[in-house]
Amino acid sequence: MKLQDTLTRSQKKICPIDGQTYRFYCCGPTVYGAAHIGNFRTFVLQDVFRRTLETGGTRTLHVRNLTDVDDKTIRDSQAAGKTLKAFTDQWRDKFHTDCEALACLPPHIEPSAVEHIPQQIAMIETLIKKGHAYASDDGSVYFKISSFPNYGKLSHLDERELDLGKTQNTRANSDEYEKDSISDFVLWKARRNEDGENFWESPWGQGRPGWHLECSAMIAEYLGDSFDMHSGGVDLVFPHHENEIAQSECACGGHFAAHWFHITHLLVDGGKMSKSLGNMYTLTDLEAKGFTAMEVRYVLIGSHYRKPLNFTLESLSGVKEALNNLAKSAAKIASNMGNETTLPSADFGVFQPAWDSLNNDLNTPGALGGIFTGLREASKFTGKEAAAALAGLNRILKALGITLPEISKEITDIPADIQTLADTRWAARSNKDWATSDKLRDELSTKGWAMKDGKDSYELSKS
Ligand code: AMP
Ligand code: ZN
């Protein structure tokens, strides 16, 4: 498999450093509310990446953290009148439910920031000892970015002609800041009144870790100083991942991540999602509108991860039909198998181009296109050939994490004469020959069948 690497801006081959297990880390959710479908674009694409590796026979070790302490979790837990733990546990559980519905495989390790405070304190101590961090008068600790000449290599800050020397007396205490204001960033935040009971003891007094530190500390714990891949949404490139590189390479040595996989943002109606515009959809919002989680997953993988995905409710409406068509074609191949059974196979057969697309920079829309092309070819197969095609189809669907909807037997067992009538009527309708189209619809109706017209195809049912 080949995949774009943010650091080198080139496509690199994916193979485990240790020759055995591909070890990768994904920045997980901040558990202060339900994740939105933008977050899920990132998590679903990371899931397809993992499934593709596993389908191709590579073992994986997937680590994804939970951010359960930061400015937002503390603020909102207090507003809700709950302890930080009770509040974040509730949103962690919701996240897990949504992930399961969206068919995202659970990570092998899911560490949380609160559970790794000692490791974070130890990393700060190492950074201070090595001259990469300093404590300020109020008991906060900052990373000194002028001590790390490579700072900015991931986001290519050098091309922005920013002079690291100028940052020496500026500091950012908040977790997020803009690219044009690079400054020393906070590793340990001294306790403030608004933190309430959410603080820990440290050599610098009471406080809590800065957001960037948790990933570095958990990566050191579970993946060591060098590992295969680090991933997240594109908003994390700067400053979050840049800061992780600085912390980890300075504290642990090593080369940190060998590959950087970033997913471009999902937009809604062409713009950024925002609560005030009322277009910040969660999975629950979409389910309430009658869509299934599998339909949402299909939309999320429907465009390439390096392009923005413009989400609209209309794009979701067409998906039910696409999934039903896939299910019908699969059922047709199954009925053409006769007495043959599908055996698990290492071969993709007519779905090889779909598999190749996935391995070519995780081209998910290419893979979906390849599935439809493969199905057209496979519809002519019978017996052993049909069985092999079905095995290939199941394999590629598993790599994409797509489960097909159940369709009623009536639909799969459409008599040949009815099918021909329907196809002829569809052709007449496509040619705007309304008279013939109406006549054939009546004829179908007399024989007990109804035809529902969609945008690109139709559905037949018993009337
Ligand atoms: P957060 O819970 O905000 O830390 O985000 C969890 C993941 O979702 C991170 O990898 C983010 O980069 C990613 N993310 C946030 N917004 C979007 C979006 N609109 N589209 C795709 N990914 C996003
Ligand atoms: Zn992170």
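The values are calculated or read from the model by the stated rules, or taken from the named source; none is laboratory data. On a predicted model such as this, the values are computed, not experimentally measured, just so you know. Neighbour counts are summed over all protein chains in view; Cβ atoms, including those assigned to glycine, are modelled from backbone coordinates with ideal geometry.
Looking for whichever is over 30 Å from Asp235 (Cα atoms) and among the polar types (S, T, N, Q) here; the options are Asn325, Asn310, Asn360. Which one fits?
From the options Asn325, Asn310, Asn360, the qualifying one is Asn325.
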Here the residues within the stretch 338-359 that are without any contact (Cβ under 8 Å) to a residue 40 or more places away in the chain and either of a type in the set (Ser, Thr, Tyr) or buried (at least 20 other Cβ atoms within 10 Å of the Cβ) (or both) are Ser357
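Pick out, from the stretch 384-461, the helices (runs of 4 or more DSSP H) lying fully within it that include 2 or more residues that are in the same structural domain as Ala334 (by TED's automatic domain parsing) and among the hydrophobic types (A, V, I, L, M, F, W, C).
416-430, 434-446
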How about the stretch 28-57: which of its residues are outside any helix (DSSP H, G or I) and touching a helix residue (DSSP H, G or I) at 6+ places or on another chain (Cβ under 9 Å)? Gly28, Pro29, Thr30, Val31, Tyr32, Gly33, Ala34, Ala35, His36, Gly56
All positions within the stretch 237-259 that are surrounded by fewer than 22 Cβ atoms within 10 Å (Cβ to Cβ), aliphatic (A, V, I, L, M) and within 13 Å of ligand 2 (Cβ to nearest atom): Val237
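Filter the stretch 217-268 for residues that are part of a loop (DSSP other than H, G, I, E, B) and closer than 18 Å to Gly28 by Cβ; which is nearest to ligand 1 (Cβ to nearest atom)?
Here the answer is His265.
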Where in the stretch 66-130 are there helices (runs of 4 or more DSSP H), lying fully within it, with 1 or more residues that are more than 16 Å from ligand 2 (Cβ to nearest atom), under 25 Å from Cys250 (Cα atoms) and of a type in the set (Gly, Ala, Ser)? 117-129
If you take the residues of the stretch 91-102 that are surrounded by 16 or more Cβ atoms within 10 Å (Cβ to Cβ) and out of contact with any helix residue (DSSP H, G or I) (no Cβ under 6 Å at 6 or more places or on another chain), which of them is nearest to Met1 (Cα to Cα)? Cys99
Residue by residue through the stretch 331-370, note down the ones that are modelled with pLDDT under 95 and among the aliphatic types (A, V, I, L, M). Ala331, Ile333, Ala334, Met337, Leu343, Ala346
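Considering the stretch 269-284 alone, what residues qualify as being in contact (Cβ under 8 Å) with a residue 24 or more places away in the chain, over 16 Å from the mean Cα position of the chain (by Cα) and within 11 Å of ligand 1 (Cβ to nearest atom)?
Met273, Met280
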